[in-house]
1. Search the stretch 175-184 for residues being touching a strand residue (DSSP E or B) at 6+ places or on another chain (Cβ under 6 Å) and either part of a helix (DSSP H, G or I) or at pLDDT below 90 (or both), and hand back the single one that is surrounded by the most Cβ atoms within 10 Å (Cβ to Cβ).
2. Just give me the residues in the stretch 27-48 being in contact with a Lys or Arg (Cβ under 9 Å, 6 or more places away or on another chain) and either within 30 Å of K422 (Cβ to Cβ) or in contact (Cβ under 8 Å) with a residue 60 or more places away in the chain (or both), in sequence order.
3. Report every pair of residues separated by at least 6 positions or lying on different chains whose Cβ atoms are under 7 Å apart, first residue within the stretch 212-225 and farther than 11 Å from L135 by Cβ, second in a helix (DSSP H, G or I) and small (G, A, S).
4. Of everything in the stretch 222-241, what is touching a strand residue (DSSP E or B) at 6+ places or on another chain (Cβ under 8 Å), outside any loop (DSSP other than H, G, I, E, B) and either surrounded by fewer than 18 Cβ atoms within 10 Å (Cβ to Cβ) or aliphatic (A, V, I, L, M) (or both)? Give them in sequence order.
5. Would you mention how many residues in the stretch 120-135 are more than 13 Å from the chain's Cα centre (by Cα) and assigned to a strand (DSSP E or B)?
6. Given the options G264, G224, G269, name the one that is modelled with pLDDT under 95, in the same structural domain as G310 (by TED's automatic domain parsing) and closer than 21 Å to S330 by Cβ.
7. Can you go through D339, D416, D408 and tell me which one is in contact with a strand residue (DSSP E or B) (Cβ under 6 Å, 6 or more places away or on another chain) and within 30 Å of Y109 (Cβ to Cβ)?
8. Out of the stretch 2-36, which residues are assigned to a loop (DSSP other than H, G, I, E, B) and surrounded by 11 or more Cβ atoms within 10 Å (Cβ to Cβ)?
Amino acid sequence: MGKQEDFVLRALEEREVRFMRLWFTDVLGFLKSVAVAPAELESAFSEGIGFDGSSIEGFARVYESDMLAMPDPSTFQILPWRDQGPATARMFCDIVMPDGSPSYADPRYVLKRTLSKAAEKGFTFYTHPEIEFYLFKEHPEDGREPIPVDQSGYFDHTAQSMGSDFRREAITYLEAMGISVEFSHHEAGPGQQEIDLRYADALTSADNIMTFHTVIREVALSQGRWASFMPKPFTDKPGNGMHTHLSLFEGDSNAFYEPGAEYGLSTTGRRFIAGLLKHAPEISVITNQWVNSYKRINAGGEAPSHISWGHNNRSAMVRVPMYKPLKGQSTRIEIRSPDAACNPYLTFAALLAAGMKGVEEEYELPREAEDDVWSLTDRERASLGLDPLPVALDQAIALAEDSELLADTLGEQVFDFFLRNKRREWAEYRAEVSEWERRQLLPIL
């Protein structure tokens, strides 16, 4: 039993924790939870908690269903919204097979494996997500259009605002769980909020995003509201993105920073961006995994629809934020295509793999997009070599199916299940008769 396990066992007693929730994530990014009694936790650390993997999306076939959830003591936190009655805590788990080997279907392991490959090259990967979501007055039922809690806009400050009260309570809970928040504000859509989490290593950041989703939903429900990370809930309003700042470090040194270089961006940084650009189409099925994701991608606004990069250009898919002369360590890049409903473990793994491919194979960075990409015509974009991202989920699936990079990053089991699930989602969507079709065609046909 290590020091971290001992700390958790002492904390359970000192904080009078009665319920211990063990969390993990399925292949699609949905949080799973099993509650164990504190008395069982010592054996859980050494032996794990058994469960039927064939009942979890993408985890196992029936004949290999036995799996174990191994708690990660470094992720122990008290759940602050469970302040009535006995305390409840949570830990994230790694999923292993009965022989102790990692489960190749565990998204957390997919990211760990990708991080290990980067570590072999001397790199540590950091991320800083800016997460958008909508706050509605109630749970939207029967496909009806939801009602936002306000009609405010970007950065609006409104007296006695439901959004600001909501953000204050959510941030209080997040920080009580050791998740630092950098910024929060009202976004451009009615009822739309943004909360930015502070930089962390990619594994911690992915764990934090999963916790963030839970906290946001819990706070919303406690206030009689409903929160949604759906990429594009409204036809004519902005979608929910997850613009993410990325950086590589070699020890304490920022590998993206080079004094005197243009924008302070090193050769490694430029090659990393080139990798993101080249492989963006084939990893879109991960960064934008839902059929609704492509309504956001192709709607304009803050979402990029074309593959481009630019310095401080918010219309580009990859942005190099303004360089601060006295803060070289803060040099980073921002990718703006992922949405708030992606699986963060698989998304960070895919982004790192694409960037590292560019570094390792010394990709050349294409010309910078200096124009407003959204305002250009298709012909103008084509003349500048700005290729489009996939326009729909079926196109993203087809590109992913031929991707050696994605297959290697996800592993055979996750790659196979994920694409099978996405094909089924597309088939169901394609067969669905929409409200638009009824509204447009029933009166005239």
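1. Across the stretch 175-184, the extreme among qualifying residues is S184.
2. Taking the stretch 27-48 as the starting set, the residues that turn out to be in contact with a Lys or Arg (Cβ under 9 Å, 6 or more places away or on another chain) are 33-38.
Hits for the stretch 27-48 are S33, V34.
3. V215/A170
4. A227
5. 5
6. Values: G224 fails: closer than 21 Å to S330 by Cβ; G269 fails: modelled with pLDDT under 95.
After applying the criteria, what remains is G264.
7. Working: D416 fails: in contact with a strand residue (DSSP E or B) (Cβ under 6 Å, 6 or more places away or on another chain); D408 fails: in contact with a strand residue (DSSP E or B) (Cβ under 6 Å, 6 or more places away or on another chain).
Exactly one of D339, D416, D408 is in contact with a strand residue (DSSP E or B) (Cβ under 6 Å, 6 or more places away or on another chain) and within 30 Å of Y109 (Cβ to Cβ), namely D339.
8. Let us first name the residues in the stretch 2-36 that are assigned to a loop (DSSP other than H, G, I, E, B), namely 2, 15-16, 26-30.
Across the stretch 2-36, the qualifying residues are R15, D26, V27, L28, G29, F30.
The values are calculated or read from the model by the stated rules, or taken from the named source; none is laboratory data. Because the structure is predicted, anything quoted here is derived from the model rather than measured. Cβ sites come from the backbone with ideal geometry, for glycine too, and all protein chains shown count toward neighbours.
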